[in-house]
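Working notes, beginning with the structure itself.
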Amino acid sequence: MANLAKKESPVVVVTGCSSGIGKELARALISNGYKVFGTIRSLRDSSILEEEFGCGFEPLIMDVTNESQVTKAKNKVEEYLSGKKLCALVNNAGIATLGPVEHMPTSDFLAQINTKVLGTFLCTKSFLPLLGTNRQLNGPPGRIVNISSILGGKIGSPFMSAYCTSKHAVEAFSESLRRELKIFGIKVIIVAPGSISTPIWEALKTHSKNEETSGTEYHVPFKKVLSSLQSFDNNSLPIEKLSNIIIESIETKKPKIRYTPTNDYLQKIWPFVPKSLMDKFF
């Protein structure tokens, strides 16, 4: 497809487009001829992305945890579609919070859960009619792609309780939703990548939480976790490759239920290692 967003271009909504996976996915979708409505939090990011992506990108300035803002964004997309179905919703928005539970502010834990879990729920709930539960709309049923993680989605890692809880919840939500929406032909797909070098993780690896554990018994094991994140980065999956896999999940006739793209074979098998054995690695 040409890099021109015409009215007949398939439309995809991507949450969390300010940076990282969401931004690069938007870029890849636009280059493949899609019209992208991307959620962002600020006017500044809106201006930057509009200038960078051109007419193929339409910003949705909203907080995914604010139901009225999500509804307003849905109405904007609905107006653009003019009676057609939405091609896909990619629930990507998320944050990453690290640290021992004992020293984690409740607000940090809630921010993690609200952004990833509540945000995924609210966006899915709002856009479902456009994806095909409203049978009066024209076109084939759309798809929902929920971004999880190989590790966070299936394994509970120490000092990553908030992050892993949010990813586990998204996986359970996706599995229930997949079966729920079969009657409409709407496919629900999980994309759970291995390590990806994104601004979120780069910021975490140098985060002051490492200093916050200083003087506690958590300090040494927490430093080991931060070190392991760094080692994962040495073999991280290029974000462009991940974007192509997400597009494949949208376009292929028979998508997988769960994609687990990674450059590290060990990350692929970790979810299948007995939990008692996994405990020995931490």
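The values are calculated or read from the model by the stated rules, or taken from the named source; none is laboratory data. Computed from a predicted structure; not experimentally measured. Neighbour counts run over all protein chains shown; Cβ positions are idealised from the backbone, glycine included.
Numbers below:
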| item | result |
| --- | --- |
| Enumeration of residues in region 215-238 that are modelled with pLDDT of 80 or more, assigned to a loop (DSSP other than H, G, I, E, B) and either acidic (D, E) or surrounded by fewer than 12 Cβ atoms within 10 Å (Cβ to Cβ) (or both) | G215, E217 |
| Hey, K35 surrounded by 21 or more Cβ atoms within 10 Å (Cβ to Cβ), under 20 Å from I186 (Cβ atoms) and charged (D, E, K, R) or not | yes |
| Every residue from region 87-125 that is touching a Leu at 6+ places or on another chain (Cβ under 9 Å) and in a helix (DSSP H, G or I) | C123, T124 |
| Test: T39 is at pLDDT 95 or above and of a type in the set (S, T, Y) | yes |
| Filter pass, N75 being under 30 Å from E212 (Cα atoms) and either in a loop (DSSP other than H, G, I, E, B) or without any contact (Cβ under 8 Å) to a residue 60 or more places away in the chain (or both) | no |
| Condition met for K76 (charged (D, E, K, R) and buried (at least 18 other Cβ atoms within 10 Å of the Cβ)) | no |
| Region 155-186: number of residues that are assigned to a loop (DSSP other than H, G, I, E, B) and under 30 Å from V225 (Cβ atoms) | 6 |
| Qualifying position, being touching a strand residue (DSSP E or B) at 6+ places or on another chain (Cβ under 7 Å) and farther than 27 Å from S195 by Cα, among L49, L89, L43, L25 | L43 |
| Which listed residue, of N146, N91, is touching a Cys at 6+ places or on another chain (Cβ under 7 Å) and either touching a residue at least 40 places away in the same chain (Cβ under 8 Å) or within 26 Å of K256 (Cα to Cα) (or both) | N91 |
| Which numbered condition S197 fails, given (1) within 21 Å of K254 (Cβ to Cβ); (2) in contact with a Ser or Thr (Cβ under 9 Å, 6 or more places away or on another chain); (3) surrounded by fewer than 18 Cβ atoms within 10 Å (Cβ to Cβ) | (1) |
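Rundown of residues vs (1) β-branched (V, I, T); (2) in contact with a Pro (Cβ under 6 Å, 6 or more places away or on another chain); (3) closer than 23 Å to E248 by Cα; (4) surrounded by fewer than 21 Cβ atoms within 10 Å (Cβ to Cβ), yes/no style:
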{"site": "D108", "(1), (2), (3), (4)": "no, no, no, yes"}
{"site": "I113", "(1), (2), (3), (4)": "yes, no, no, yes"}
{"site": "N138", "(1), (2), (3), (4)": "no, no, yes, yes"}
{"site": "V145", "(1), (2), (3), (4)": "yes, no, yes, no"}
{"site": "G156", "(1), (2), (3), (4)": "no, no, no, yes"}
{"site": "V191", "(1), (2), (3), (4)": "yes, no, yes, no"}
